[in-house]
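Every number here is computed from the coordinates shown, using simple stated rules; none is lab data. A quick note: this is a predicted structure, and the numbers were derived from the prediction, not measured. Note: ideal-geometry Cβ built from the backbone for every residue, glycine included; neighbour counts use all protein chains shown.
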Amino acid sequence: MALLQKQFYTAEDYWNLPEDVRAELIDGQIYYQAAPNRMHQKISSELNATIRNYIRSKKGACDVYAAPFAVKLFVDNDKTIVEPDISVICDHDKLTERGCAGAPDWIIEIISPGNPGHDLIYKLNLYAKARVREYWIVDPRSETVLVYYLEQKDFGVKAYTFQDQIVVNIYEDFVINFQELDL
């Protein structure tokens, strides 16, 4: 009796997916994503605009991208491409026609009700390994934000609510107040 063989995919398989398919390639496995709900999109839109406006006001060199935006976290690894909800990239050498090649400086994921563990556990470990400088996990249901920031080899973490002013660690003077967002 033959054993089932597990299928592994590469970046080439990912790039050949139809344009209307939302998916991520993680460790050679394709994870299909459902369309986000309205609140997810509202939070993403508000945060993206707030970050973009801050960068412009400071004449900053970083760029902010909302999903779908492909991020190949490890340049030498052809088996992992993610699509964070928001990516901030300060090193323009990482930007390609297809997205980002290397770890962004800041990633924000907004938890989807169907699979919170994906962002809370799996992606947290993946982003830590890639050395993302700052990672936010926004949970619309509990109105909380977990902020992970890289300290030496490990992420430090702080927990906030939507009533707090949240310090952006990769900038010296940037604070996001969720109460000022149009949610």
Would you order 133, 98 from fewest to most other beta-carbon atoms within 10 Å of each residue's own beta-carbon?
-> 98, 133
Measure up 129/158; 94/158; 72/129 against 21 Å on the Cα-Cα distance and list the ones that go over.
-> 94/158
Can you put 62, 100, 90 in order, fewest other beta carbons within 10 Å first?
-> 90, 62, 100
What FRET efficiency, computed as 1/(1 + (r/R0)^6) with R0 = 45 Å and r the Cβ-Cβ distance, is obtained for residue 49 and residue 7, rounded to the nearest 0.05?
-> 0.70
Which translational diffusion coefficient, to the nearest whole µm²/s, is obtained for the chain from the Stokes-Einstein equation, given a Kirkwood hydrodynamic radius over C-alpha pairs, 10 °C and 1.306 mPa s?
-> 93
Qualifying aspartates and glutamates (Cα of each under 20 Å from Cα of residue 58; at least 8 residues distant if same chain) | 46, 91, 105, 134, 172, 173, 180
With Cα atoms, 0 to 90° folded angle of helix 38-57 axis to the chain main axis = 60
For the chain, modelled as a Gaussian network with Cα springs under 10 Å, which listed residue fluctuates most, 139, 20, 78?
-> 20
Hey, can you grab everything whose amide H is under 5 Å from the amide H of residue 110? Only 5+ residues off in sequence or another chain; H modelled, so Pro and N-termini drop out.
-> 85, 138
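Scan region 75-138 for GluC sites (Glu not before Pro) in coil per DSSP, keeping those whose Cβ has at most 14 other Cβ atoms within 10 Å, and list them by number. Could the numbers behind the result be given before it?
Details: sites: 97, 109, 134; in loops: 97.
Filter output for region 75-138: 97.
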Looking only at 158, 123, 58, which one moves most when the chain is put into a Gaussian network model with springs between Cα atoms under 10 Å?
-> 58
At a Förster radius of 30 Å, what calculated FRET efficiency corresponds to the Cβ-Cβ distance of residue 175 and residue 120, to the nearest 0.05?
-> 0.80
Going by how many other Cβ atoms sit within 10 Å of their own, how do 87, 112 line up, fewest first?
-> 112, 87
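So if R0 is 35 Å, what FRET efficiency would residue 183 and residue 61 give, r being the distance between their Cβ atoms, rounded to the nearest 0.05?
0.75
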How large is ³J(HN,Hα) for each residue in region 87-95, as worked out from phi by the Karplus curve 6.51 cos²θ - 1.76 cosθ + 1.60 (θ = phi - 60°), to whole Hz, x for Gly and Pro?
-> 10, 10, 10, 9, 9, 5, 5, 7, 7
